[in-house]
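The values are calculated or read from the model by the stated rules, or taken from the named source; none is laboratory data. Because the structure is predicted, anything quoted here is derived from the model rather than measured. Methodologically, a virtual Cβ is constructed for each residue, glycine included, from the backbone with ideal geometry; neighbour enumeration extends over all protein chains shown. These area figures cover heavy atoms from the full protein model, side chains too; ligands, DNA and RNA do not enter into them. Shrake-Rupley method; radii C 1.70, N 1.55, O 1.52, S 1.80 Å.
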Amino acid sequence: MEVPKQYNPKEAEKKWIEFWEKEGIYKFDPESEAEIYSVDTPPPTVSGKVHIGHAFSYSQQDFVIRFQRMLGKNVFYPFGTDNNGVATERLIEQIKGVKAKDMPREEFVKLCLEELEKNLIPKYVEDMKRLGISCDYSIFYTTIDEHCRRISQRSFIELYKMGREYRKDAPAMWCPECETGISQVECEDKEVDSFFNDIVFKVDGKDLIIATTRPELLPACVAVFYHPNDKRYQHLKGKKAKVPLFDFEVPILEDERADPEKGTGIVMCCTFGDQTDMEWQRAHNLPIKEAITTDGRMTELAGKYKGMTIAEARKAIINDLENLGLLINKKPIKHVVNVHERCGTEIEFVKSKQWFIKYLDLKKEMLKWGKELNWFPKHMISRYNHWVNGLQWDWLISRQRYFGVPFPVWYCSKCGEVILAREEDLPVDPLKDKPPVEKCPKCGNNKFIPEKDVLDTWATSALTPRLAIELMPKKLQKKLYPMNLRPQAHDIITFWLFNTVVKSNLHYKMRPFKDVMISGWLLDPKGKKMSKSKGNVIEPQDVIEKYCADALRFMAAGSKLGEDMPYQEKDVVTGMKTITKLWNASKFAFMHLKDYEKKKPEKLELFDKWILSKLNSMVKNLTEAFLKYEYSRTKLDVEKFFWHSFCDNYLEIIKDRLYNPDRRGKEARLSAQYALYNSLLTIIKLIAPIMPFITEEVYQDFFREKEKDKSIHISKWPIYDEKLVDKKIEEIGDVLIEIIAAVRKHKSSNNKSLKEPLKLLVIDCKKELQEGIESAMDDLKAVTKAEKIEFGKGDIKISEQLRIKVEL
């Protein structure tokens with residue numbers, strides 16, 4: 001095959017994407033008897049386009065999966081998209097200029113599905129292919145398709161029948177911006193500026209100062225609490241306090257949850273400001289007053305403040321308190337509040353009917369389930385354990401959204417009995433479909449109310465192993481589950497990983513996967529998290545356009561697993577330089593391997609033994625590292641070996657034998673050809689998982705004809721050959737490399753060309769090294785351009801035991 005003079009990554013990457021797809025290089029083979037390696041591929045949230053974080057973490061998982069494929073395993077690597085949540089709903093509203101709440105639900109859902117199918121999902125798949133992500137894209141699901149809705153609704157029904165699900169009219173975390181209930185996992189802490197406001201309540205006409213950060217909740221105040229041991233307030237026991245501005249009285253009560261050190265030590269309980277308020281309401285059987293609506297405005301309870309936003313009401317109430325002399329002090333503070341991770345809005349606690357999965361009673365089991373997984377890196381289990389230990393709520397799984405998986409539930413209009421769909425009817429939409437019974441089995445009523453809420457997106461995403469494997473024939477599903485690998489980023493351990501572990505153990509009494517590979521984040525060049533609002537987002541599409549996918553992947557391989565890394569363009573540039581160097585080195589090799597017929601010489605020259613020994617030692621180390629998900633070790637070691645040992649030294653050393661077979665002998669040239677062929681093939685195989693495009697190009701241009709594998713990515717990973725490792729040869733070779741480097745340095749410091757001949761090179765070394773050096777004398781003479789080499793006293797110190805003398 002004629003080798004092109006230049007490597008054009010744009011053309012090559014497009015060509016190999018088409019080739020891999022046409023030839024089915026990455027297809028899972030259901031009929032194969034080979035060992036299966038199954039992957040619970042993260043389905044990216046369809047909220048625009050593939051971002052640099054996807055490129056970073058998906059590349060890292062792809063390194064490992066390509067390695068496993070080269071071990072000869074039958075890789076099950078599906079691709080799915082997560083598109084049934086609020087992120088997709090908001091994106092469609094933005095693209096189409098509509099509001100879901102202003103449209104019939106069926107019409108909005110149809111609009112979402114059309115936009116996803118026509119534009120959004122194809123673009124995600126295209127971007128992933130362009131990155132070189134080696135999924136079997138024919139094994140495909142979206143978390144809103146019929147297949148996934150069926151499995152998600154089946155999960156709900158099974159858990160309900162286990163007694164693990166319940167519906168309750170109770171205060172729940174609520175996002176006023178998204179107008180939906182949310183679960184604990186969807187909250188994140190945010191430090192905000194606020195004020196501690198010292199407000200005057202009245203008790204028997206006397207002032208009682210209470211500090212609060214939420215004066216807008218005064219109309220929802222139902223009690224005042226102090227600690228039983230706080231002597232300042234013990235005399236108030238059994239009395240009532242008048243709430244300022246609203247002039248109603250509430251009881252003053254004792255409770256150990258009141259903190260004497262916080263504020264003034266006495267606190268108002270409002271329904272509901274936080275979890276403590278909820279605990280007090282239940283413990284003391286207090287009334288529930290609702291001052292805030294589901295869209296974050298004040299209710300009629302707030303009187304003249306009705307209709308104001310929370311912020312507006314807070315400002316107005318503080319102003320009125322000041323004017324009436326009821327605000328004694330305002331102390332600026334910074335405190336941490338819970339916000340919705342999707343939109344950053346401070347959460348409220350709103351009373352509403354919600355569905356929950358009961359699991360707080362399983363915390364001990366959850367910790368045990370976490371230990372059953374193999375964590376890479378190991379320390380990431382601490383994030384899982386910390387989350388479990390901090391759980392305070394059952395899992396709220398209902399969402400007041402428009403686009404999502406419907407609950408397969410109807411309610412009797414008379415007695416409220418829950419009517420479940422039949423499994424054979426799934427998936428269902430209660431807003432369109434009729435219940436499976438004509439009369440309520442409890443009261444005989446024949447009228448039913450459909451559930452309007454949809455399931456939390458994580459309730460479906462927690463089933464991704466099943467979503468993928470149930471696309472396969474039943475006989476295969478047992479071989480695929482539990483899956484071998486769950487790759488994911490560290491920020492969703494509490495979301496995706498935890499919920500998947502919970503559901504798998506509840507449904508199947510087993511772990512969902514064996515190994516967990518946790519990646520870090522790619523940060524901006526200053527080490528900050530990227531976000532659109534900060535204007536510091538780097539688009540992977542732009543990086544690939546400017547450089548190429550291999551260069552971007554090369555950069556991603558520079559981070560150790562689990563570690564965050566700032567984006568540095570220089571690392572991508574180094575990737576480009578490596579691609580160019582690999583191409584040029586390969587062209588040189590091909591030129592001298594045209595007549596090579598894969599024959600092994602009777603005797604290998606010392607430098608050929610040296611390169612093969614060092615390479616085999618590296619193969620052993622890197623195979624062990626890859627099995628522990630340490631892909632960065634491969635990038636680091638192969639990069640160093642390729643540039644230094646192979647290009648800077650070995651290729652220069654063997655040039656004389658390759659160019660001058662008549663003078664050096666055919667066997668010496670054959671020895672060089674043998675080592676050159678095998679070392680270059682091994683190098684490109686070792687780096688193939690990281691840089692799949694350039695290695696495929698090199699393989700197809702020369703090696704395929706001789707190796708016969710259709711693609712380098714389904715060829716065999718290099719096998720460690722202990723017989724090729726010779727530490728004595730490596731020691732002698734390393735000494736010779738030191739001598740060559742010292743000669744080069746001496747020539748450069750004397751402003752001489754490296755091609756300048758040497759009259760004499762004197763080597764001063766231990767006697768036991770002389771014999772080895774003598775066996776490589778012809779190569780040493782050729783590469784240093786020395787007319788004569790002898791052993792004697794040297795004046796240029798290389799090490800304590802090695803000196804040389806050079807005569808130009």
Completion exercise
When A316 is run through (1) touching a residue at least 24 places away in the same chain (Cβ under 8 Å); (2) in contact with a helix residue (DSSP H, G or I) (Cβ under 9 Å, 6 or more places away or on another chain); (3) at negative phi; (4) crowded, with 17+ Cβ neighbours inside 10 Å, the failure sits at (1)
Completion exercise
Cβ pairs under 9 Å, 6+ apart or interchain, first in region 275-304 and at positive phi, second in a helix (DSSP H, G or I) and surrounded by 15 or more Cβ atoms within 10 Å (Cβ to Cβ), ordered by first then second residue, are G296/I310; G303/P219
Exercise for the section: For region 491-526, name all the residues that are part of a strand (DSSP E or B) and modelled with pLDDT under 95. Expected result: L522, L523
Completion exercise
Within region 229-276, residues basic (K, R) and closer than 17 Å to E216 by Cα come out as K242
Exercise for the section: Considering only region 283-393, give the helices (runs of 4 or more DSSP H) lying wholly within it that have at least 2 residues that are at pLDDT 90 or above and closer than 29 Å to S519 by Cα. Expected result: 363-371, 381-389
Practice task
Residue by residue through region 256-285, note down the ones that are out of contact with any Leu (no Cβ under 6 Å at 6 or more places or on another chain), within 23 Å of R232 (Cβ to Cβ) and hydrophobic (A, V, I, L, M, F, W, C).
Solution key: A258, I266, V267, M268, C269, W280, A283
Fill in the blank from the handout: Of the residues in region 180-228 that are outside any strand (DSSP E or B) and among the hydroxyl-bearing types (S, T, Y), the one that is nearest to G273 (Cα to Cα) is T213
Completion exercise
Across region 786-801, the tally of residues that are surrounded by 18 or more Cβ atoms within 10 Å (Cβ to Cβ) and over 50 Å from the mean Cα position of the chain (by Cα) stands at 3
Problem - Filter pass, M366 being touching a Gly at 6+ places or on another chain (Cβ under 8 Å) and surrounded by 15 or more Cβ atoms within 10 Å (Cβ to Cβ) - result: no
Handout entry: Enumerated helices (runs of 4 or more DSSP H) restricted to region 724-785, each holding at least 3 residues that are out of contact with any Asp or Glu (no Cβ under 6 Å at 6 or more places or on another chain), open to solvent by 10 Å² or more (accessible area, probe 1.4 Å) and among the small types (G, A, S)
Key = 727-749
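Looking at K685, K640, K716, K708 in this structure, which one is in contact (Cβ under 8 Å) with a residue 12 or more places away in the chain, surrounded by fewer than 17 Cβ atoms within 10 Å (Cβ to Cβ) and of a type in the set (K, R)?
Just a single option satisfies the conditions, and that option is K716.
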Problem - Lone unmet requirement of (1) of a type in the set (G, A, S); (2) over 15 Å from V224 (Cα atoms); (3) in a strand (DSSP E or B) for G163 - result: (3)
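Name the residue, out of K598, K529, that is farther than 27 Å from S645 by Cβ and at pLDDT below 95. First the steps, then the outcome.
Working: K598 fails: farther than 27 Å from S645 by Cβ.
Criteria check complete, one pass: K529.
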Problem - Flag if E256 is in contact with a helix residue (DSSP H, G or I) (Cβ under 7 Å, 6 or more places away or on another chain), of a type in the set (D, E) and not in a helix (DSSP H, G or I) - result: no
Exercise for the section: Please determine, by comparing only the residues of region 229-244 that are part of a strand (DSSP E or B) and open to solvent by 10 Å² or more (accessible area, probe 1.4 Å), which one is farthest from D255 (Cα to Cα). Expected result: K242
Completion exercise
C440 passes all but one of the listed conditions (1) open to solvent by 20 Å² or more (accessible area, probe 1.4 Å); (2) over 30 Å from K628 (Cα atoms); the exception is number (1)
Exercise for the section: Filter region 691-723 for residues that are farther than 22 Å from Q6 by Cβ and not in a helix (DSSP H, G or I) and give the result. Expected result: K708, D709, K710, S711, S715, K716, W717, P718, I719, Y720, D721
Fill in the blank from the handout: Among helices (runs of 4 or more DSSP H) completely within region 533-627, the ones holding 1 or more residues that are open to solvent by 30 Å² or more (accessible area, probe 1.4 Å) are 540-546, 569-593, 606-627
Handout entry: Qualifying residue in region 60-82 (condition: polar (S, T, N, Q), at pLDDT below 95 and under 25 Å from V516 (Cα atoms))
Key = yes
